[in-house]
Every structure is written in C-alpha cells, then in structure tokens.
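Read the figures in this text as sums done on the coordinates, not as results from a lab. Since this is a predicted model, take the numbers as computed values, not measurements. All Cβ positions, even for glycine, are placed from backbone atoms using ideal geometry, and neighbour counts span all protein chains on display.
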Protein chains: 2
Amino acid sequence: MWPLRWQVVAAVAGGLALALETLPTVLRWLWAGRRRRRRPRREVLFFPSQVTCTEALLRVPGAAPSGCQCNLPHGESSLSRLLRALLAARASLELCLFAFSSPQLGRAVQLLHQRGVRVRVVTDCDYMALSGSQIGLLRKAGIQVRHDQDLGYMHHKFAIVDRRVLITGSLNWTTQAIQSNRENVLVMEDEEYVRLFLEEFERIWEEFNPTKYTFFPQKKRSR
Amino acid sequence: MWPLRWQVVAAVAGGLALALETLPTVLRWLWAGRRRRRRPRREVLFFPSQVTCTEALLRVPGAAPSGCQCNLPHGESSLSRLLRALLAARASLELCLFAFSSPQLGRAVQLLHQRGVRVRVVTDCDYMALSGSQIGLLRKAGIQVRHDQDLGYMHHKFAIVDRRVLITGSLNWTTQAIQSNRENVLVMEDEEYVRLFLEEFERIWEEFNPTKYTFFPQKKRSR
C-alpha cells in the first residue's frame with residue numbers, strides 16, 4: 001500500500017503545480033479584457049486646426065442630410081474633434097469661457113440647448129460684448145449666461161460634459177484662435193479633475209449671480 | 001528502501017514545482033505594491049492666487065536664509081505651489097509661454113539655469129518686447145529663447161519639468177493673471193501627456209529656429 005500512497009502524493013503535487021501555473025495567466029487575461037472594454041477618454045487637440053467643413057456635425061436633428069458640396073475638406077480636424085466632444089453631451093454642459101465668438105462652437109452649444117441639455121455659461125464681461133461674440137445669440141436662444149464684474153479677467157477656457165468629461169486648455173473659442181494660433185485642448189474623462197473644475201464652476205456661478213451685479217463697476221486695468 | 005526513495009522524489013518534485021510557480025506571482029505582487037506606494041503627481045491650481053512672500057523659495061543656493069520680515073503672509077499659495085513644481089527641475093525645463101512678465105517666475109527660471117538645468121523657452125514675438133517682459137532678462141542670463149513670426153499667436157502656456165511633469169492651463173505668467181484673473185493650471189505627472197506636449201514643443205522649437213527668421217514679417221491681425 002505504501003507505494004500507492006506516494007503515487008497519490010506525487011500526482012497531487014503535480015496537479016497543484018499545474019493549477020498554480022495557469023491561474024495567473026487566466027487572471028491576467030480576464031483583467032486585460034476588462035480594461036479593453038472600458039478605457040476612459042484621454043485626448044489632446046493641438047491648434048491651429050485645419051479648416052474643414054463641419055456642416056454634417058452641426059445638422060439639426062431630423063433635417064435632411066447636409067451632403068455638403070462646399071470646397072472645404074470634409075475629414076477630421078482639431079475643431080471637428082472638439083465639436084464631437086461637446087455634442088456628446090446628453091444631460092448637462094458647463095462652459096467657463098473668456099472669449100466665445102466661434103460660429104461653429106456657438107451653433108453646437110445652441111444645438112445641445114435645443115436637445116434639452118442643461119447649458120450654463122460663465123464668461124468675461126469685457127469680451128462678451130465685442131463684435132462677433134456668440135454670447136448675445138446664446139442669451140437670445142434662452143441659454144443662461146453669467147459674467148464677471150471684477151478688476152481681473154474671467155480667463156478660464158473650460159467645458160464640462162455630462163459631469164464626466166473635462167475639456168480645458170489654452171484655446172479661446174474664437175475663429176482666430178482655432179485657425180491661426182498655437183493652442184492646446186485636453187479632453188479628459190477623469191473623475192478627480194471633473195470634480196475640482198465643477199467646484200470652481202459652481203463657485204463662480206454663484207459669485208456671478210445677477211442679483212449681485214452693480215451697474216457702475218470699476219474699470220479694469222488694461223493687460 | 002524503495003518507499004523512502006519515492007518519498008524523496010515526490011517531495012523534491014512538489015517542492016520544486018511550487019517554488020517555480022509561485023516566484024513570478026510573488027515578484028509581480030511586490031512590484032505592484034511598489035507602484036501603489038509611488039502615486040504620480042496630480043494637482044490643480046486655481047487663481048487668483050493669494051499674495052504671499054516667496055523669498056524663501058527663491059533664495060539662491062548657499063545664500064543666508066532669507067528670514068524675511070515683510071508683511072506678506074508666508075504660507076502656501078497657488079503661486080508658491082507653481083514655483084515649487086518648477087523648482088523641482090533637476091535636468092531640463094521646456095517653457096512654451098504666450099506672455100511671461102512675472103518677476104517671481106522669472107527668478108525661478110534663472111535659478112534653475114544657474115543650477116545647470118537645461119532651460120529652453122518658446123514665446124510670442126508680440127508680447128516678449130512689452131514693458132515688464134522677463135524674456136530679455138532670460139536672454140541676458142544666457143537662456144535659449146525662440147519666438148514665432150506667424151500671423152497667429154504662440155498662445156500655449158505650458159512647461160515640462162525633467163521630461164516627466166506637464167504644467168499647463170489658462171495662466172499667462174504675468175502678475176495681473178496670477179493676482180487678479182480666474183485661471184487654472186494642471187500639474188500632471190503623466191507619460192502620455194508629457195510625450196504629446198514634448199513633441200509639440202520640439203515641433204515649435206525647430207520651426208522657430210532663428211536661421212529661419214525674416215526681418216520684415218507680416219503684421220498680425222489684431223485680436
């Protein structure tokens with residue numbers, strides 16, 4: 001009987017060794033699969049952006065396909081990627097922008113408002129009244145806009161999509177900046193950064209409450 | 001005697017197999033533990049910054065402790081945190097800045113240059129000659145500076161420390177922006193973002209090579 005018992009011991013030792021051998025491989029494969037399925041969005045857009053046609057992106061829902069015949073390229077560009085990141089909004093969009101005069105970005109924001117997305121805009125009082133500013137059009141469309149009355153500038157350039165994606169960088173939302181300047185925009189699906197920028201937005205939103213506006217604010221010092 | 005031999009064979013086989021199979025798992029676990037302990041740097045600085053004394057940070061190495069008696073607070077502020085992030089540089093600092101007139105940030109960059117850190121600066125030609133600009137002082141100190149001659153602005157506001165940490169946001173490096181504006185700066189130890197911004201820096205550095213300067217560039221359109 002003794003030899004038989006030792007055969008069993010040897011078999012068990014071998015089996016255990018095999019199990020230990022395969023287990024980590026199986027776990028790694030499962031973990032890699034999970035990461036493949038869900039990778040948070042991380043993108044960097046550099047400007048100037050190639051000038052491309054964005055009509056297809058900005059089509060009003062239900063309208064006939066644009067099938068645009070214009071001479072502009074119809075491929076992707078930094079601007080089209082920025083528009084896609086914004087147009088992904090389904091519930092809310094917070095905008096905190098120093099200067100906003102880009103017609104395409106203005107149309108994108110109005111489209112989201114028409115779709116029922118809750119849009120809130122904070123901007124700088126010196127730039128919102130300049131020729132070409134989109135702020136007046138957004139207000140006419142019924143979008144809530146608040147502005148500063150400070151000595152300093154409200155110089156942020158960030159957007160928060162569905163309280164999930166932060167879009168921030170050096171880019172003012174103007175055609176000059178998009179087409180001519182060296183600029184960067186980060187598109188980050190990142191809980192920690194979104195939370196910090198949302199807190200900053202809410203602080204400013206409350207501070208710029210129109211009930212606190214004065215009608216003869218001090219002049220700003222020039223930059 | 002046979003059973004005794006089988007005992008030895010089985011024990012040795014089992015023991016050896018177990019040791020071989022568990023070793024890689026143990027090593028991976030230890031490595032993961034080490035990475036858990038070393039969390040990459042992630043910080044968001046919001047401005048305007050409280051005005052604080054930064055003399056202690058900007059002391060020349062070997063100089064007597066400042067023991068500053070000024071009336072400013074001597075605690076932390078967004079500016080002091082930005083200075084710390086920059087002064088951590090040991091090997092290299094790339095700066096890509098639209099406007100640079102902050103004396104404290106200028107002193108920090110000169111300190112790093114004196115310590116032997118390789119500093120390279122890219123800036124915008126319209127703003128580098130304005131009164132209070134630090135660019136002339138950096139050039140006098142022997143720091144390499146290159147500027148654009150484009151129609152558009154070199155509007156980036158980022159720094160890369162030791163090819164490891166990216167510092168980027170809406171903040172121009174001016175006293176007005178630091179003390180009066182609503183601004184944000186991200187400090188990110190992130191391989192992917194650092195790589196993308198380093199590539200952008202090197203593209204601009206090469207494009208702004210002084211051998212390519214023309215002496216009567218076109219006027220920029222006004223913003």
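Note the full-extension length gain between A:Gln7 and A:Gln50 as 0.36 nm times their separation in residues minus their Cα-Cα distance, in nm to one decimal.
The span from A:Gln7 to A:Gln50 would gain 8.1 nm if fully extended.
Going by alpha carbons, how many degrees (0 to 90, nearest 10) lie between the helix axis of A:78-87 and the longest principal axis of chain A?
Helix A:78-87 sits roughly 80 degrees off the main axis of chain A.
Extent of segment A:108-197 along each principal axis, from alpha carbon coordinates, in Å, largest to smallest?
Sorted from largest, the Cα extents of segment A:108-197 read 35, 34, 29 Å.
With +1 on each Lys and Arg Cβ and -1 on each Asp and Glu Cβ, how big is the dipole of the protein assembly as shown about its Cα centre, in debye rounded to the nearest 20?
660 debye
Relative contact order for chain A using alpha-carbon pairs under 8 Å, separation at least 6, rounded to a whole percent?
Across chain A, relative contact order equals 22 percent.
How big is segment B:17-89 along each principal axis, measuring the range of its Cα positions in Å and listing the largest first?
Extents along the principal axes: 70, 32, 17 Å.
With Rg and the Kirkwood Rh both taken from Cα atoms, where does Rg over Rh land for the protein assembly as shown?
1.13
Taking a temperature of 37 °C and a viscosity of 0.692 mPa s, what whole-number D in µm²/s does Stokes-Einstein yield for segment A:63-161 with Rh from Kirkwood over alpha carbon pairs?
226 µm²/s
For a footprinting-style exposure proxy, rank A:Thr168, A:Thr25, A:Thr52 by other Cβ within 10 Å, fewest first.
In increasing order of surrounding Cβ atoms, one gets A:Thr25, A:Thr52, A:Thr168.
At q = 0.14, 0.28 Å⁻¹, what base-10 log of I(q)/I(0) does the Debye formula yield for segment A:67-122 when every alpha carbon is treated as an equal point scatterer in vacuo?
Here log10 of I(q) over I(0) equals -0.43, -1.25.
Exposure proxy check: A:Val51, B:Val109 ranked by fewest other beta carbons within 10 Å?
A:Val51, B:Val109
If you take the charge dipole of the protein assembly as shown about its Cα centre, with +1 on Lys and Arg Cβ and -1 on Asp and Glu Cβ, which of B:Val109, A:Asn71, B:Ala85 is farthest toward its positive end?
Checking the options against the dipole of the protein assembly as shown, the answer is B:Ala85.
If you build the Cα gyration tensor of chain B and take the root of 5 times each eigenvalue, what three semi-axes come out, in whole angstrom, biggest first?
One finds semi-axes of 50, 24, 16 Å for chain B.
Could you grab the relative contact order for segment A:59-191? Cα pairs under 8 Å, six or more apart, rounded to a whole percent.
25 percent
Rounded to whole Å, give me the distance from the Cα center of segment B:68-117 to that of segment B:160-190.
So the separation of the two Cα centres works out to 11 Å.
Picking from A:Tyr193, A:Thr175, A:Val26, whose Cα lies most toward the positive end of the charge dipole for chain A (charges on Cβ: Lys, Arg +1; Asp, Glu -1)?
A:Val26
Given the options B:Ser131, B:Ser77, B:Ser49, which has the most mean-square fluctuation in a GNM of chain B, springs set between C-alpha atoms less than 10 angstrom apart?
Highest fluctuation among the options: B:Ser131.
Evaluate the charge dipole of chain B about its Cα centre and quote only its size in Debye, nearest 20, assuming +1 on the Cβ of each Lys and Arg and -1 on the Cβ of each Asp and Glu.
The dipole of chain B has a size of about 460 debye.
Can you give the average number of partner chain beta-carbon atoms within 10 Å of each beta-carbon in peptide A:174-183, as a whole number?
Average neighbour count from other chains, rounded to a whole number: 6.
Using the 10 angstrom Cβ neighbour count as an exposure proxy, how do A:Trp31, A:Trp173 rank, fewest first?
A:Trp31, A:Trp173
For B:Ala56, place a label point 7 Å out from Cα along the Cα→Cβ vector, do the same in each other copy, and report the separations in nm, one decimal, smallest first.
Here the equivalent label points are 5.9 nm apart from this one.
Assuming R0 = 35 Å, can you tell me the calculated FRET efficiency for the pair B:Ser92 and B:Leu23, based on Cβ-Cβ distance, to the nearest 0.05?
It comes to 0.35.
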